[in-house]
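Chemist: Mind having a look at this structure? Questions to follow.
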Ligand code: NAD
């Protein structure tokens, strides 16, 4: 059997696949190139860059399994895959800590202006007055989506002596109690948080969940963080609110279209925002973990 690895996946998982199958690694294929070659493969392994569209699935006549080295399967047309009986597997847990810690890094960066101060000093300035921050202690962190990552953010922010509240209609009240956090509705969270961080999957419900109307309900001077999925947050509405000062700071790792181009980047030239190119899962440990986990699941699926 033949497997195509179409994104940059850690070698450990690729080696594991090679012990069982012929494996080709072809990175940066566009949809046409993927459609042209996918017909010869029994398995496909991707990260977030490959979009497995209906067109790709229609051309994938032998395909039995799609492995997503990571958690979000929104890059795969699940309906088309299911109709064809193609199994979709992911590696949901191996990058939880990486994404959690990146979120913490982003929160700290926008709280103390670390990247801006670094750039200033690197350009030869000694400016101590432009980068006064705030303290996390006694502020309120609002977490939207209290799953694997959201619950870990809660613990870490409690360690910073923040009050932590959360909105997640799919987890029981008991879980909020265990986490020592208050369960609130979305409007209450928007109106009462000094920081708002999003950790939901991208679904019909969460697409555009935080747009101009929700931003308008947020506290003056709020800070907003998104390390979940780009389409959950309207970055154009966020940029407007950053310009007006309603939102004091923002940190964004994920974008509605990736890669984010200069033309579609509403934050260019802005100083109260920190952006990273989808680095949430980019640690050595997470990349090895997701590649081995997804390879194991692909092998299990192909072996029936
Ligand atoms: P998870 O499934 O463990 O948790 C998601 C939580 O969101 C669940 O508790 C669910 O009940 C809740 N939720 C679903 N719909 C909701 C809604 N409408 N309103 C409020 N809550 C809702 O997922 P996770 O592993 O914690 O991942 C969270 C997000 O982070 C996902 O979108 C994932 O793709 C993303 N992620 C990003 C990176 C990155 O590189 N930036 C890395 C890992 C994960």
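Derivation of every value follows stated rules applied to the coordinates shown; laboratory data play no part. These figures come from a predicted structure and were not determined experimentally. Please note: Cβ atoms are built from the backbone with ideal geometry, for glycine as well, and neighbour counts cover all protein chains shown.
Chemist: Taking only DSSP H segments of four or more residues, each worth -39500 (n - 2.57), what value at 222 nm results for the chain once the sum is divided by all its residues, to the nearest 500 deg cm²/dmol?
Modeler: Roughly -10500 deg cm²/dmol at 222 nm, from the helical runs in the chain.
Chemist: Using mean Cβ contacts within 10 Å as the protection proxy, how do 146-155, 252-261 order, highest first?
Modeler: Values: 146-155: 21.7, 252-261: 17.1.
For the peptides 146-155, 252-261, the packing ranking is 146-155, 252-261.
Chemist: Need one number: convex hull volume per residue for the chain, Cα atoms only, in Å³.
Modeler: 147 Å³
Chemist: Please report, to two decimal places, log10 I(q)/I(0) for region 132-177 at q = 0.15, 0.16, 0.20 Å⁻¹ as given by the Debye formula with identical point scatterers on the Cα atoms and no solvent.
Modeler: Treating every Cα as an identical point scatterer, log10 I(q)/I(0) equals -0.38, -0.42, -0.62.
Chemist: Moving on. Normalised by the number of residues in region 4-47, what is the relative contact order in percent for Cα pairs under 8 Å and 6+ residues apart?
Modeler: Once normalised by length, the contact order is 64 percent.
Chemist: If contacts are Cα pairs under 8 angstrom and at least 6 residues apart, what is the relative contact order of the chain in percent? Intermediate results must be reported in sequence, preceding the final value.
Modeler: Details: 581 pairs, mean separation 59.5, N = 304.
Once divided by the residue count of the chain, the mean separation gives 20 percent.
Chemist: Show me the three semi-axes of the equivalent ellipsoid for region 201-275, from the C-alpha gyration tensor (sqrt of 5 times each eigenvalue), largest first, rounded to whole Å.
Modeler: 18, 16, 10
Chemist: So how far, in whole Å, is the C-alpha centre of region 71-112 from the one of region 44-70?
Modeler: 16 Å
Chemist: So what is the orientation-averaged projected area of region 116-155, using the convex hull of its C-alpha atoms, in nm²? Show your work: numbers first, answer last.
Modeler: Working: hull surface 18.0 nm².
Mean shadow area of the hull around the Cα atoms is 4.5 nm².
Chemist: Measure out, as a whole number of angstrom, how far apart the alpha-carbon centroids of region 11-40 and region 207-283 sit.
Modeler: Distance between centres, Cα-based: 33 Å.
Chemist: Cα convex hull of region 250-298: how many Å³ per residue? Can you show the working numbers first?
Modeler: Values: hull volume 5.0 nm³, N = 49.
Dividing the Cα hull volume of region 250-298 by its residue count gives 101 Å³.
Chemist: How high is the relative contact order of region 146-204? Use alpha-carbon pairs under 8 Å, at least six apart in sequence, and give a whole percent.
Modeler: 38 percent
Chemist: Give me the compactness ratio for region 84-234, meaning the Cα radius of gyration over 2.2 N^0.38 Å.
Modeler: That works out to 1.15 for region 84-234.
Chemist: Based on the Kirkwood radius over alpha-carbon pairs, what is the Stokes-Einstein translational diffusion coefficient of region 160-304 at 37 °C with 0.692 mPa s viscosity, in µm²/s?
Modeler: Here the translational diffusion coefficient equals 192 µm²/s.
Chemist: For region 1-138, how big is the tail of P(r) above 22 Å, as a whole percent of Cα pairs? Intermediate results must be reported in sequence, preceding the final value.
Modeler: Working: 4868 of 9453 pairs.
Summing the P(r) tail past 22 Å for region 1-138 gives 51 percent.
Chemist: Pulled fully out, how much extra length does the chain show between residue 258 and residue 125, if you take 0.36 nm times their separation in residues and subtract their Cα-Cα distance? Each step should come with its number before you reach the end.
Modeler: Numbers: separation 133, 0.36 × 133 = 47.88 nm, distance 3.36 nm.
Result for the pair: 44.5 nm of gain on full extension.
Chemist: Something else about it: For residue 83 and residue 186 in the same chain, what is the full-extension length gain: residue separation times 0.36 nm, less their Cα-Cα distance, in nm?
Modeler: Here the answer is 33.6 nm.
Chemist: Place the peptides 119-129, 98-108 in order of packing, highest mean first, counting for every residue the other Cβ atoms within 10 Å and averaging per peptide.
Modeler: Those peptides, ordered most packed to least, come out 98-108, 119-129.
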